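Single-structure report; data block below.
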Amino acid sequence: MPTYRVTHHTRYRHAFSATAAWQSLHLQPRHEDTQHCDAFELEIRPHPGDLTTRPDVFGNKHHLFTLREPHHELAITSRSVVRRHEPVLPMSGLTPPLSVARQQVARAIANGSEFALEQFLHTSAYVPLVPAARAWAEGLDTDDPPALDWLAALGTRFGREFKFDSKATTISTPLVEVLRHRRGVCQDFAHLFISCVRQHGLPAAYVSGYLLTTPPPGKPRLRGADASHAWVSVYIPGTGWIDYDPTNTCFVATGHIVVARGRDFSDVSPVKGLFTGGGAHTLTTAITVEPAPEPVVAAAARV
């Protein structure tokens, strides 16, 4: 059972003194069947006048704070210790054919037994139901494969046709542009994959988190050089939610650390908020994900 230490540092620097700040944070890793957050610490400088913690509608841990003092710089650092189990995939033949899975989802929503799935089938802030995204998967369901096989085939096609390019897009780049140029980052790929899956009748969610990376042979692990990651979760009747990483063309494993789940990035942004005053600002982020060298004793969360 691997254990990881995660440090996520965000810093705002203002050209002039800001007079106040309101911030929303999704930084604390989730407790799930395959993951346990043993410790969490949140450090904010300057110290805010109020800090609240509550679960959001998707079951994520949500921190909010207000800073009401002049400042040129705001630094937010979270530190987590997370134990991760290996997710277990069902045998593909045990998942229903895609056509049957669609029908089962529709019935579960109609009779109210799984009504919450409805929100993961329709347009959301960053996931329009682009017809070209649906058409991109054409032909993969010709033989009505098991839903899990269809998902894997969709990922394989995605891996062949799309290239990771950190300079190709911004947060505001439309999905139609990502489709046209076949380039983007994990956030783009997750949104596009979700648009496709939803249009084929299966609920799909956005997952934000971290990914353990391995340095080249003989090279040290660089602190602060990692990044946030995003992937998707697809609901398959009889099995539940299955996480898939379209950027790396794989089902998730122990190196994927889940922070938050929602309909798209707008629900789970790690750090977002507003300032009054301050003029232009620069934002820098540094993330380190590393294996814990020794077993870590569980500790209470501190904020």
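Residues that are at pLDDT 95 or above and among the β-branched types (Val, Ile, Thr): does the range 166-180 have at least one?
To start, the set of residues in the range 166-180 that are at pLDDT 95 or above comprises none.
For the range 166-180, residues at pLDDT 95 or above and among the β-branched types (Val, Ile, Thr): absent.
Looking only at the range 99-153, how many residues end up being in a helix (DSSP H, G or I) and either touching a Ser or Thr at 6+ places or on another chain (Cβ under 8 Å) or under 24 Å from Leu179 (Cα atoms) (or both)? Explain how you work it out, then say what you get.
Initial filter on the range 99-153 (in a helix (DSSP H, G or I)): 99-110, 115-120, 131-136, 147-153.
Among the residues that remain, those that are also either touching a Ser or Thr at 6+ places or on another chain (Cβ under 8 Å) or under 24 Å from Leu179 (Cα atoms) (or both) are: 101, 119-120, 131-136, 147-153.
Of the residues in the range 99-153, 16 are in a helix (DSSP H, G or I) and either touching a Ser or Thr at 6+ places or on another chain (Cβ under 8 Å) or under 24 Å from Leu179 (Cα atoms) (or both).
Return the residues of the range 285-303 that are loosely packed, with under 14 Cβ neighbours inside 10 Å and either in a loop (DSSP other than H, G, I, E, B) or modelled with pLDDT of 95 or more (or both); say none if nothing qualifies. Let's see the steps before the verdict.
Residues of the range 285-303 that are loosely packed, with under 14 Cβ neighbours inside 10 Å, as a first pass: 291, 293-295, 297-300, 302.
Answer for the range 285-303, where residues must be loosely packed, with under 14 Cβ neighbours inside 10 Å and either in a loop (DSSP other than H, G, I, E, B) or modelled with pLDDT of 95 or more (or both): Pro293, Glu294, Pro295, Val297, Ala298, Ala299, Ala300.
Determine whether Asp245 is among the charged types (D, E, K, R) and either buried (at least 23 other Cβ atoms within 10 Å of the Cβ) or closer than 18 Å to Glu32 by Cα (or both).
Working: among the charged types (D, E, K, R): yes; either buried (at least 23 other Cβ atoms within 10 Å of the Cβ) or closer than 18 Å to Glu32 by Cα (or both): yes.
Here the answer is yes, as Asp245 does meet what is asked.
Please count how many residues of the range 48-78 are part of a loop (DSSP other than H, G, I, E, B) and either in contact with a Lys or Arg (Cβ under 9 Å, 6 or more places away or on another chain) or touching a residue at least 12 places away in the same chain (Cβ under 8 Å) (or both). Show your work before the answer.
Of the residues in the range 48-78, the ones part of a loop (DSSP other than H, G, I, E, B) are 48-49, 56-60, 68-70.
Okay, now just the ones that are also either in contact with a Lys or Arg (Cβ under 9 Å, 6 or more places away or on another chain) or touching a residue at least 12 places away in the same chain (Cβ under 8 Å) (or both), so 48-49, 56, 58-60, 68-70.
So the answer is 9.
Here's a check for you: in the range 19-72, which residue that is exposed (fewer than 15 other Cβ atoms within 10 Å of the Cβ) and of a type in the set (D, E, K, R) is farthest from Arg263 (Cα to Cα)?
Ranking the qualifying residues of the range 19-72, first place goes to Glu69.
Per-residue answers, yes or no, for (1) touching a residue at least 12 places away in the same chain (Cβ under 8 Å); (2) within 26 Å of Lys61 (Cβ to Cβ); (3) assigned to a strand (DSSP E or B):
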| position | (1), (2), (3) |
| --- | --- |
| Arg180 | no, no, no |
| Leu202 | yes, no, no |
| Val207 | yes, yes, yes |
| Trp241 | yes, yes, yes |
| Arg261 | yes, yes, yes |
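Can you name every residue in the range 1-42 that is in contact (Cβ under 8 Å) with a residue 24 or more places away in the chain and not in a strand (DSSP E or B)?
Step one: filter the range 1-42 for residues in contact (Cβ under 8 Å) with a residue 24 or more places away in the chain, giving 1-30, 32-42.
Residues satisfying the conditions are Met1, Pro2, His26, Leu27, Gln28, Pro29, Arg30, Asp33, Thr34.
Sort out which residues of the range 180-219 are among the β-branched types (Val, Ile, Thr) and crowded, with 23+ Cβ neighbours inside 10 Å, and write them in order of number. Give the derivation first.
Filtering the range 180-219 down to residues among the β-branched types (Val, Ile, Thr) leaves 185, 194, 197, 207, 213-214.
Once the filter is applied, which keeps residues that are among the β-branched types (Val, Ile, Thr) and crowded, with 23+ Cβ neighbours inside 10 Å, the range 180-219 yields Ile194, Val197, Val207.
Looking at (1) at pLDDT 95 or above; (2) out of contact with any Phe, Trp or Tyr (no Cβ under 8 Å at 6 or more places or on another chain), which is the one condition that is false for His85?
Condition (1) is where His85 drops out.
Kindly evaluate Gln119 against the criterion of being within 22 Å of His229 (Cα to Cα) and within 18 Å of the chain's Cα centre (by Cα). Walk me through it before giving the result.
Numbers: within 22 Å of His229 (Cα to Cα): no; within 18 Å of the chain's Cα centre (by Cα): yes.
In short, no.
The values are calculated or read from the model by the stated rules, or taken from the named source; none is laboratory data. Source: prediction; values computed, not measured. Quick reminder, even Gly has a Cβ in these numbers, built from the backbone with ideal geometry, and neighbours come from all protein chains shown.
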